[in-house]
Amino acid sequence: MATYEIRVFGDPVLKTKAAEVTDVDAKLVTLADQMLELMYTAPGLGLAAPQIGVQKQLFVYDTGEGPHTLVNPTIRESSGEWVYDEGCLSIPGLYVEIARPKEVLLHGWDLDGNEVTLEADELLARLFQHELDHLNGVLMFERMTDDQRKDALKEWRRLQTEPPEPERPKRRLRLT
């Protein structure tokens with residue numbers, strides 16, 4: 001079984017458009033299971049196949065209602081605007097306010113080959129748009145204003161050069 005890890009900003013695979021899935025088979029189901037495990041470990045709400053170096057139009061997600069997988073997803077409609085702090089497992093530690101459509105209508109297929117149409121708003125709509133961006137080789141830096149991008153790239157470089165903060169020792173309380 002292949003071992004995957006989440007690719008981070010700078011890896012050229014993240015800038016490449018993923019290929020359409022032509023066959024939903026046992027290998028794809030296994031890939032989705034591995035992606036979910038990695039997503040939960042990270043932890044994150046969604047993970048696209050290109051983020052682990054697999055160039056397939058597939059992403060997994062779980063917003064607290066159980067795991068889901070979408071194959072060859074597309075957004076059919078979008079409306080409104082919602083500004084929210086967005087983060088990315090491929091750009092760990094960085095969160096930036098990004099405006100995206102508030103509502104989307106997503107179309108795709110599940111792992112059983114069934115056609116799926118989902119209406120989503122706010123967080124779920126943002127998640128869908130974010131993961132679809134990954135499938136198209138787009139990172140959240142490209143969704144930022146010029147000033148945001150400049151500040152975000154500066155912060156990303158800082159995060160890469162500074163040692164991580166040491167974990168604070170946990171204090172134990174003794175109850176008597």
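Looking at G10, is it open to solvent by less than 30 Å² (accessible area, probe 1.4 Å), at pLDDT below 95 and in a loop (DSSP other than H, G, I, E, B)? No.
Quick one: how many residues across region 15-28 are part of a helix (DSSP H, G or I) and either touching a helix residue (DSSP H, G or I) at 6+ places or on another chain (Cβ under 6 Å) or loosely packed, with under 13 Cβ neighbours inside 10 Å (or both)?
Selection size over region 15-28: 2.
Being outside any strand (DSSP E or B), within 27 Å of A32 (Cα to Cα) and at pLDDT below 95 is a condition met by at least one residue of region 142-150. The number of residues in region 91-111 that are open to solvent by 70 Å² or more (accessible area, probe 1.4 Å) and farther than 20 Å from L58 by Cβ comes to 3. Summed over region 65-83, residues that are touching a strand residue (DSSP E or B) at 6+ places or on another chain (Cβ under 9 Å), part of a loop (DSSP other than H, G, I, E, B) and either modelled with pLDDT under 95 or acidic (D, E) (or both) total 1. Among residues of region 1-25 that are of a type in the set (S, T, N, Q), none has a beta-carbon under 9 Å from a residue that is at pLDDT below 95 and surrounded by 14 or more Cβ atoms within 10 Å (Cβ to Cβ) at least six positions away or on a different chain.
Table: residues versus (1) exposed (fewer than 14 other Cβ atoms within 10 Å of the Cβ); (2) in contact with a Gly (Cβ under 6 Å, 6 or more places away or on another chain); (3) assigned to a helix (DSSP H, G or I).
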position	(1), (2), (3)
L38	no, no, yes
P50	no, no, yes
D85	yes, no, no
L89	no, yes, no
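Considering (1) farther than 16 Å from G46 by Cα; (2) in contact with an Asp or Glu (Cβ under 8 Å, 6 or more places away or on another chain); (3) assigned to a helix (DSSP H, G or I); (4) among the aliphatic types (A, V, I, L, M), the lone condition that L153 does not fulfil carries the number (2).
Within region 112-141, being at pLDDT 95 or above, out of contact with any Lys or Arg (no Cβ under 9 Å at 6 or more places or on another chain) and surrounded by 18 or more Cβ atoms within 10 Å (Cβ to Cβ) holds for L124, L127, F128, E131, L132, H134.
Scan region 55-75 and report the pairs whose first residue is surrounded by fewer than 17 Cβ atoms within 10 Å (Cβ to Cβ) and whose second residue is of a type in the set (V, I, T), with Cβ atoms within less than 9 Å and a gap of 6+ or a chain change. The qualifying pairs are Q55/V13; Q55/T16; P67/V60; I75/V104.
Among the residues of region 100-131 satisfying the criterion of being touching a helix residue (DSSP H, G or I) at 6+ places or on another chain (Cβ under 8 Å) and part of a strand (DSSP E or B), which is nearest to R143 (Cα to Cα)? Among those residues, the one meeting the criterion is R100.
The values are calculated or read from the model by the stated rules, or taken from the named source; none is laboratory data. Here the structure is a predicted model, which is why all the values come from computation and not from measurement. A quick note on method: Cβ atoms are made from the backbone with ideal geometry, for glycine too, and the neighbour counts reach across all protein chains shown. Heads up: the accessible areas ignore ligands, DNA and RNA and are worked out on the full protein's heavy atoms, side chains in. Shrake-Rupley method; radii C 1.70, N 1.55, O 1.52, S 1.80 Å.
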